[in-house]
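To start, the structure under review is shown below, and the notes come after it.
The values are calculated or read from the model by the stated rules, or taken from the named source; none is laboratory data. Predicted model only: the values in this text are computed from it and were never measured. When we count neighbours, we look across all protein chains shown, and the Cβ atoms used for this are built from the backbone with ideal geometry, even at glycine.
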Amino acid sequence: MTKYVIRRLLQVIPTLWGVFTILFVIAYLMPGDPLRAVLGEQYHRLEPSVVEAARDELGLNDPFHVRYLDFLGQMLSFDLGYSFILKQPVIDVIGYRLPRTIQLMSGGLLVGVLIGVTAGVLAAERQNTWTDYGLMIVALIGVSIPVFWQGLLAQLFLTQDKYGIALFPVAGYEGGSISHMILPSLVLGTSLSATLARVTRSAMLEVRGQDYVRTARAKGLPWYATLMRHQFRNALIPIITVIALDISGLFTGSIVTETIFSWPGLGRAVVVAIERRDTPVFMGILVFGALVFILINLITDLLYAVINPRIRYE
């Protein structure tokens, strides 16, 4: 197992290098002058020599290859840079906002797994019935509606009593209170639940036709024991794969959700950094997201061996 982990870590080095390169090129080619964002109205009031000195200090006058090598050196030393606008290290910005994003993503993941897996199992057990058709139609609608549209509809019908019911606050964080967390978690978890419902249904139907399931039923095992011990456990691998892949989708969806609901997480920080042309912040957050995604994929591979003893890594 240890050799497998080391080999996987070595395999991701070219991937990380490619991700770093693409992110740097995109940031380099972005229109606008970061120095204008840093200086604000003072940009036009300062002497040209002062402006050039500030540009030299930030390294904006360096040629492409020099800035690229400096960026790679920072990544190798785990230095994500210093915010132009916030005047603090990017790692501190991530450290402040990451718990809030994890809180929102955990709520969305909980909603997605509870609704999606339950609906998928129920649809598989009621195959070719109105329950099956109804749940799959709802899942299809959930996959088709964009996150931002779901958020706007939720705010329209669930936050005020003019057109709906005033059940939840419109937006805000308020110390991460449950009342402010429920609605964005529901919106964030809807797409995941729809995808999970379809995948769970397919996996359960595939497992149900296996010989060991028919043997368990023939031996007279209770319905619940057959369902959970023989069907659901052996259908977990595709379900876990979808959950792992959708965690990155939750991170992407949190950018939209955090913006709509004014949630102070990493997604909101990325949007604000792009608006302000604060390149180190959005570059650092995206690099951090890439590292997290690679780590999640590695953990998922290791979970396969835990769930299915027949899988062994050498």
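Listed by first and then second residue, the pairs with beta-carbon distance under 9 Å, at least 6 apart or on different chains, first residue in region 230-241 and outside the structural domain of A197 (by TED's automatic domain parsing), second at pLDDT 85 or above, form an empty list.
Residues checked against (1) closer than 30 Å to Y173 by Cβ; (2) in contact with a helix residue (DSSP H, G or I) (Cβ under 6 Å, 6 or more places away or on another chain); (3) of a type in the set (F, W, Y); (4) surrounded by 15 or more Cβ atoms within 10 Å (Cβ to Cβ):
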position	(1), (2), (3), (4)
V25	no, no, no, no
P34	yes, yes, no, yes
P48	no, no, no, no
D62	no, no, no, no
Q74	no, no, no, yes
K87	yes, no, no, no
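Highlighted here are the helices (runs of 4 or more DSSP H) found entirely within region 22-130 that include at least 1 residues which are farther than 30 Å from A244 by Cα and outside the structural domain of R201 (by TED's automatic domain parsing): 34-39, 48-58, 64-76.
Rundown of residues vs (1) more than 19 Å from R208 (Cβ to Cβ); (2) within 15 Å of the chain's Cα centre (by Cα); (3) among the hydroxyl-bearing types (S, T, Y), yes/no style:
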position: Y96; (1), (2), (3): yes, no, yes
position: L109; (1), (2), (3): yes, yes, no
position: L114; (1), (2), (3): yes, no, no
position: V117; (1), (2), (3): no, no, no
position: S144; (1), (2), (3): yes, no, yes
position: L158; (1), (2), (3): yes, no, no
position: G164; (1), (2), (3): yes, no, no
position: F168; (1), (2), (3): yes, no, no
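The residues listed here are L295, L245, L303; of these, the one that is surrounded by fewer than 23 Cβ atoms within 10 Å (Cβ to Cβ), more than 23 Å from I85 (Cα to Cα) and at pLDDT 80 or above is L295. Among the residues of region 194-219, the ones that are more than 16 Å from V121 (Cα to Cα) and either buried (at least 23 other Cβ atoms within 10 Å of the Cβ) or of a type in the set (G, A, S) (or both) come to 2 in all. You will find that of G220, G209, the residue that is at positive phi, assigned by TED's automatic domain parsing to the domain that holds L188 and not basic (K, R) is G220 and no other.
For every residue, the table says whether it meets (1) farther than 26 Å from I141 by Cβ; (2) in the same structural domain as A225 (by TED's automatic domain parsing); (3) within 21 Å of the chain's Cα centre (by Cα).
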residue: G172; (1), (2), (3): yes, yes, yes
residue: I182; (1), (2), (3): no, yes, yes
residue: L192; (1), (2), (3): no, yes, yes
residue: R201; (1), (2), (3): no, yes, no
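Just one residue in the set G164, G142 is surrounded by fewer than 15 Cβ atoms within 10 Å (Cβ to Cβ) and either in contact with a Phe, Trp or Tyr (Cβ under 8 Å, 6 or more places away or on another chain) or not in a loop (DSSP other than H, G, I, E, B) (or both); that residue is G164. Within the bounds of region 153-176, is there any residue that is closer than 24 Å to G265 by Cβ and acidic (D, E)? The answer is yes; a qualifying residue exists.
Residues considered: Y68, Y82, Y43. Of these, the only one that is more than 33 Å from the chain's Cα centre (by Cα), surrounded by 14 or more Cβ atoms within 10 Å (Cβ to Cβ) and among the hydroxyl-bearing types (S, T, Y) is Y43. Contact annotation: residue pairs with Cβ atoms under 6 Å, 6 or more positions apart or on different chains, pairing a residue in region 22-50 that is under 13 Å from D278 (Cα atoms) and in contact (Cβ under 8 Å) with a residue 40 or more places away in the chain with a partner that is in a loop (DSSP other than H, G, I, E, B) and not hydrophobic (A, V, I, L, M, F, W, C), are G32/R277; P34/R277; A37/R277. For region 2-35, residues that are over 30 Å from L298 (Cα atoms) and at pLDDT 75 or above total 6. Answer yes if at least one residue in region 265-273 is at pLDDT below 80 and among the small types (G, A, S), and no otherwise. Checked region 265-273: no residue is at pLDDT below 80 and among the small types (G, A, S).
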